[in-house]
């Protein structure tokens, strides 16, 4: 696990300055404190920070082929690299290291751009193909590892984090109006924007190609798509057998490491399943790490302890206090752009806590998206099951065709209905709804925004090829919430602490299996994750399987009314706070007043204001 960055000037006579690459590397030292490296070839330069996981002694980067005609900087882990290495050796390739990085080099030499299709893992990388005067970049299928880039008429700049790109001279750092609206709409900036106009995100499952000596255009290519070919022929027991066998294989691959390894254990089904499988695959006790709160409604330590005791793990716990909001400036520096998911706080602490004992941790992220674990799915399905069309219209529209129309056509009708009721969609997906954002933004800033950010997810729902409404919702979360919120949160907070986090549920082979399971087995009679619970019933305890999902939230609502009340009031009452360059102070104060009176829980919105204020302070 590492940090990468680079510059490609389109003018062959403009050489990359080593000092610039050094600055780009230094600002992401946390991603790789063990080593650094640089590669400069005239107008092309790569920088690298290393967190040593595989082949500790010889995995230095940038790494080249034996003839120095292919150079790579790579962030991530390739879990099938040993199998790929053996295949390449049979083809005659000779390796000078035991690293997964070198495997990518020769896969690229053998298969060109198609090399990414052979990789099983999480990755972002950039390759300089000297012979073909080509830059080839790629990001893993689910976007577990980040890849940001900047492109203008003179240069292409990339990095694992935005802060690296901003170290390059003459980078336009104009704040993105659309990015800010996206942030207040969802609490995070969606994949079509960043906080800066000219900085972009390479989408998951995409490659990016540049021919610097040609027309200097960027070519994006999607190399993988989820398939939704549900198999209705298998019984529940057959699915159980396949799920357990595939996940066992996935866990085995994810446990490959030359350094100490452990797991996050929240007490939920997903992380508990990961720990159970790790324990069965390990000859020694698994190290597990849990975070708790004094407030019982937010604390799941009792369930984590059950799993830890069942599998005799080497278990560690930590309690988080309200003073944790002192982390805010650090969080803002870590994310580089506004990010309102307050569970970043416990994620930071569990990462820091775990790093004292291990260098790698496995987590249960992705399980909710693959097995329909979110409560919002039940609420949306309830709307769908009410049938929005009058009986007479239903007969006219569907009638006898109902049995032969593709189910996704019927889903389109449901989506059309929901689109007409934008407030319904907003209730499930938006942090600040349309009418709230109209009041929130001041007149000067409000003139520049569209205040129609909800359309992003509506369009994604329409675009999905999933065959039924539930699978369409899962697909939407995989393509947006999971990558732009969950995986972003975990990457930044773990890497801030120089900890590698692996997500076995998002192994693409296991994910493809999960999306071949009929959705009727994922939510059955209101029971979320039904088939996963059925499959893991013998691995987990009844309490873990059946307790109400609590997520990884923190008790901000209580803290803001008690311990942190004065702290919040001092900030919001100060008209000179930088957020009020963009926001209407009276409207903001009204929201906090509503929260204190108990009219509505506005804690998530208040946190989004605090984070935005600090971000403007650091970037204004």
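The values are calculated or read from the model by the stated rules, or taken from the named source; none is laboratory data. Quick caveat: nothing in here was measured; it's all calculated off a predicted structure. All Cβ positions, glycine included, derive from the backbone under ideal geometry; neighbour counts span all protein chains shown.
Of everything in region 304-316 that is in a helix (DSSP H, G or I) and touching a strand residue (DSSP E or B) at 6+ places or on another chain (Cβ under 9 Å), the residue that is surrounded by the fewest Cβ atoms within 10 Å (Cβ to Cβ) is 309. Looking at region 599-620 only, could you name the residues that are surrounded by fewer than 20 Cβ atoms within 10 Å (Cβ to Cβ) and under 22 Å from the mean Cα position of the chain (by Cα)? Scanning region 599-620 gives a single hit, 604. For residue 98, the conditions (1) at pLDDT 95 or above; (2) on the phi < 0 side of the Ramachandran plot; (3) not in a strand (DSSP E or B) all hold with the exception of (1). With respect to residue 290, determine if the residue is buried (at least 22 other Cβ atoms within 10 Å of the Cβ), in a loop (DSSP other than H, G, I, E, B), within 24 Å of the chain's Cα centre (by Cα) and not assigned by TED's automatic domain parsing to the domain that holds residue 127. No, not satisfied. Scanning region 245-273 for residues that are over 28 Å from residue 546 (Cβ atoms) and either over 23 Å from the mean Cα position of the chain (by Cα) or outside any strand (DSSP E or B) (or both) turns up 252, 253, 255, 256, 257, 258, 259, 260. Residues in region 66-95 that are under 19 Å from residue 254 (Cα atoms) and either in a loop (DSSP other than H, G, I, E, B) or touching a helix residue (DSSP H, G or I) at 6+ places or on another chain (Cβ under 7 Å) (or both): 74, 77, 78, 79, 80, 81, 84, 85.
Of the helices (runs of 4 or more DSSP H) entirely within region 481-548, those holding at least 1 residues that are within 15 Å of the chain's Cα centre (by Cα) and in contact (Cβ under 8 Å) with a residue 24 or more places away in the chain occupy 487-496, 508-514. Each residue in region 341-357 was checked for being more than 11 Å from residue 494 (Cβ to Cβ) and either touching a strand residue (DSSP E or B) at 6+ places or on another chain (Cβ under 9 Å) or modelled with pLDDT of 95 or more (or both), and 6 pass. In region 48-64, what residues are touching a strand residue (DSSP E or B) at 6+ places or on another chain (Cβ under 8 Å) and without any contact (Cβ under 8 Å) to a residue 60 or more places away in the chain? Matches in region 48-64: 48, 49, 50, 59, 60, 61, 62, 63, 64. Candidates in region 202-244 are the residues that are free of Cβ contacts under 8 Å to residues at least 12 places away in the same chain and outside any loop (DSSP other than H, G, I, E, B); of these, the one that is surrounded by the most Cβ atoms within 10 Å (Cβ to Cβ) is 241.
Let's see how each residue does on (1) over 27 Å from the mean Cα position of the chain (by Cα); (2) buried (at least 21 other Cβ atoms within 10 Å of the Cβ):
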position	(1), (2)
2	no, yes
35	no, no
44	yes, yes
53	no, yes
61	no, yes
67	yes, no
86	yes, no
92	yes, no
103	no, yes
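Going by what's in this entry, would residue 189 be described as in a loop (DSSP other than H, G, I, E, B) and closer than 22 Å to residue 76 by Cα? Answer is no for this residue.
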